């Protein structure tokens, strides 16, 4: 693959990758970092990927896996800070959130798997089979995660409001 083709691939795939990563992590800077890392991994595997959808599917799967790793690292770091401080760290919350922030917060309150399934379905517009493949689970599990996640989102008055 030539340098110009690589640039075209990045321009085509990066924006949707950043959107996916942002919806999974809730942090724009982390999302951009995850996409950079995912793209580097994808470039290393280009000779094994099909053109077009194969690259996109690989990028999606890599972003989902990297976001899981991000939250694992963050949990370990948080645990370490709590042990060092002797007490849990409290997060400040702003009650005057805009619609975008309300939805982001509601998504972040879901379990990681529920959030992933909902983001892949409603923001990436993927079918159950594609989501199941990315998440390494059955299609019935995907449907269950989405149903439970939507139920939890409906219980947030500002989201349905």
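Order of 59-69, 8-18 by packing, highest average Cβ count within 10 Å first?
Details: 59-69: 20.1, 8-18: 15.8.
Answer by packing, highest mean first, reads 59-69, 8-18.
Normalising by the residue count of the range 96-161, find the relative contact order in percent from Cα pairs under 8 Å and 6+ residues apart. Don't skip to the answer; put the middle values down first.
Details: 45 pairs, mean separation 25.6, N = 66.
Relative contact order, the range 96-161: 39 percent.
Any chance you could run the full-extension gain for residue 10 through residue 28? It's 0.36 nm times the residue separation minus the Cα-Cα distance, nm to one decimal.
Additional length available on full extension: 4.7 nm.
If each residue of separation counts as 0.36 nm, what is the full-extension length gain between residue 73 and residue 103 once their alpha-carbon separation is subtracted? Show your work: numbers first, answer last.
On the way: separation 30, 0.36 × 30 = 10.80 nm, distance 2.42 nm.
Fully extending the segment from residue 73 to residue 103 adds 8.4 nm.
Quick one: which of 31-40, 123-132 comes out on top by average Cβ neighbours within 10 Å, and what's the full order, highest first? Present the calculation step by step, with values, prior to reporting the outcome.
On the way: 31-40: 19.2, 123-132: 16.0.
For the peptides 31-40, 123-132, the packing ranking is 31-40, 123-132.
Quick note: the coordinates plus some simple rules give every number you see, no bench work behind them. These figures come from a predicted structure and were not determined experimentally. Cβ coordinates were reconstructed from backbone atoms using ideal geometry, including for glycine residues, and neighbour counts include every protein chain displayed.
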